[in-house]
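First up is the structure itself, then whatever we jot down about it.
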Amino acid sequence: VQIYGHGKHVRQFTYIDDAVSAIQCAMTMLQNGSLLDKHEIFNVVGESTITNDHLVTMLAKEYGVEPRRQYLDRQPGDVMNCVGSSDKLRRYGWAPLTGIGDGVRQYARWFESAYREKLFHEWGVIKS
């Protein structure tokens, strides 16, 4: 696995179900009139921050493999810490429900079912 920035980049991931519920929340606010500007902008982000290196570790654990990491220098213009705040949307009652651990597990299960043949045969990933 090639990891830029030596794995130290910090990111904040949002699980797809949480992103969908945020859109549903905004649509409800627009329909019931609590959202006055239909062009209102909201950040939709998960609760936790995580380094790219730790994310690779979590995914590898889900597949029962030890990742072979290749650390690369940071790419020009890449942001070291990319995080946001959903405070504005939270005032309307929305909050993410899926933590990073659950999100990684659910993503790994989905990816495995969608790409089973490639994972186990073509890419050589074998669960322990």
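Descriptive notes on the structure:
- Fluctuation leader among G33, G103, G46 - the chain, Gaussian network, Cα springs under 10 angstrom: G33
- Among T51, T28, T98: highest mean-square fluctuation, GNM of the chain, C-alpha pairs under 10 Å: T28
- Solvent-accessible area, 1.4 Å probe, carbon plus sulfur percent, for the chain: 54 percent
- Extension gain for K88-L30 works out to 19.4 nm (0.36 nm per residue, less the C-alpha to C-alpha distance).
- Rounded to the nearest whole Hz, the Karplus-based 3J(HN,Hα) values (6.51 cos²θ - 1.76 cosθ + 1.60, θ = phi - 60°) of the stretch 90-104 follow the sequence 5, 4, 9, x, 8, 8, x, 10, 9, x, 4, x, 5, x, 5, with x at glycine and proline.
- Furthest towards positive pole of dipole, Y4, V45, A26, structure part the chain, Cβ charges: Y4
- For L35, residues with placed amide H under 5 Å, excluding near neighbours: L30
- Couplings for the stretch 11-18, taken from phi via the Karplus curve 6.51 cos²θ - 1.76 cosθ + 1.60 with θ = phi - 60°, read 10, 10, 9, 10, 5, 4, 4, 5 Hz in order; Gly and Pro are left as x.
- Exposed trypsin sites (Lys or Arg not before Pro) absent - longest run of the chain, DSSP non-H/G/I/E/B, at most 10 other C-beta within 10 Å: 1-37
- Exceedance of the 26 Å cut-off in Cα-Cα distance is limited, within the set K61/K118; K8/K118; K8/K61, to K8/K118.
- Take every Cα pair under 8 Å whose residues are at least 6 apart in sequence, average their separation, divide by the length of the chain, and the relative contact order is 40 percent.
- Note, ³J(HN,Hα) from phi for the stretch 29-41, Karplus 6.51, -1.76, 1.60, rounded to Hz, x at Gly and Pro: 4, 5, 5, 8, x, 6, 9, 7, 10, 5, 9, 4, 10
The values are calculated or read from the model by the stated rules, or taken from the named source; none is laboratory data. The model shown is predicted, which means the values in this text are computed figures rather than measured ones. So basically every Cβ, Gly included, is an ideal-geometry build from the backbone, and we count neighbours across all protein chains shown. Ligands, DNA and RNA are excluded from the accessible area calculation, which covers all protein heavy atoms including side chains. Shrake-Rupley method; radii C 1.70, N 1.55, O 1.52, S 1.80 Å.
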